[in-house]
Amino acid sequence: MPHDIDILIEDTRWHGAGFERLANTAIAATLSAQGIEQAELSILACDDARITVLNADFRDKPTATNVLSWPDKDLSPKQEGDAPATPTPDPDGAVSLGDIAIAYDTCAREAAEQDKPLAHHVTHLLVHGTLHLLGYDHISVTDATRMEALEVEILGKLGIPDPY
């Protein structure tokens, strides 16, 4: 499956976590689960300072968070509980998805607090962020249930236990 994943690692601690491998694996598994053969997206692997600025600029929340997503197209369902729209491929056959940012400090802290391997937590957050690019959300209980079930299924195929 040819996916064009542009990864920018701003915080060098991500190298020690094997970020590129984790990102490629998580995204490929998520796209495969959705039947998407070609996709393009960008990932910024940063720290809490950078994600705080992004969260303030784009969500008006000047605090650090673990992962943010900016979809290229709004694929969210028209009605709560419905599945998102299927993305339309570009003329070259690829689906342009958007951008993800993920913060090392918050991810490492959360993994330690939840007593789970950093690789498992980061993989979960990358699956989560990719699903957001594909129109999934967790605002309503119905939509959260759909999204979480899909996350658990994808992570299970990767040998990662249910994060919930």
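The listed residues are 154, 160, and the only one of them that is part of a loop (DSSP other than H, G, I, E, B) and under 23 Å from residue 21 (Cβ atoms) turns out to be 160.
For segment 4-20, residues that are open to solvent by 40 Å² or more (accessible area, probe 1.4 Å) and over 14 Å from the mean Cα position of the chain (by Cα) total 7.
Yes/no matrix, rows are residues, columns are (1) among the aliphatic types (A, V, I, L, M); (2) closer than 21 Å to residue 11 by Cα; (3) out of contact with any Lys or Arg (no Cβ under 6 Å at 6 or more places or on another chain):
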| residue | (1), (2), (3) |
| --- | --- |
| 80 | no, no, yes |
| 112 | yes, yes, yes |
| 115 | no, no, yes |
| 152 | yes, no, yes |
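Looking across segment 112-129, just one residue is over 15 Å from residue 20 (Cα atoms) and of a type in the set (S, T, N, Q), and that is 114. Each residue in segment 112-144 was checked for being modelled with pLDDT of 95 or more and of a type in the set (S, T, N, Q), and 3 pass. Scanning segment 137-151 for residues that are among the acidic types (Asp, Glu) and part of a helix (DSSP H, G or I), we see that the one that is farthest from residue 35 (Cα to Cα) is 143. The residue that is nearest to residue 79 (Cα to Cα), among those in segment 137-162 that are open to solvent by less than 40 Å² (accessible area, probe 1.4 Å) and in contact with a Phe, Trp or Tyr (Cβ under 9 Å, 6 or more places away or on another chain), is 143.
Can you tell me which residue within segment 71-94, out of those that are free of Cβ contacts under 8 Å to residues at least 60 places away in the same chain and touching a strand residue (DSSP E or B) at 6+ places or on another chain (Cβ under 7 Å), is farthest from residue 141 (Cα to Cα)? For segment 71-94, the residue satisfying everything is 90. Is there any pair linking a residue in segment 149-164 that is closer than 19 Å to residue 81 by Cβ to one that is at pLDDT below 95 and open to solvent by 60 Å² or more (accessible area, probe 1.4 Å), with Cβ under 6 Å and at least six apart or on different chains, and which? Filtered contacts from segment 149-164: no entries.
The values are calculated or read from the model by the stated rules, or taken from the named source; none is laboratory data. Since the model is a prediction, treat every value here as computed from it, not as a measurement. Heads up, the Cβs are rebuilt from the backbone with ideal geometry, glycines too, and the neighbour counts pull from every protein chain shown. SASA here: full protein model, heavy atoms, side chains in, ligands and nucleic acids out. Shrake-Rupley method; radii C 1.70, N 1.55, O 1.52, S 1.80 Å.
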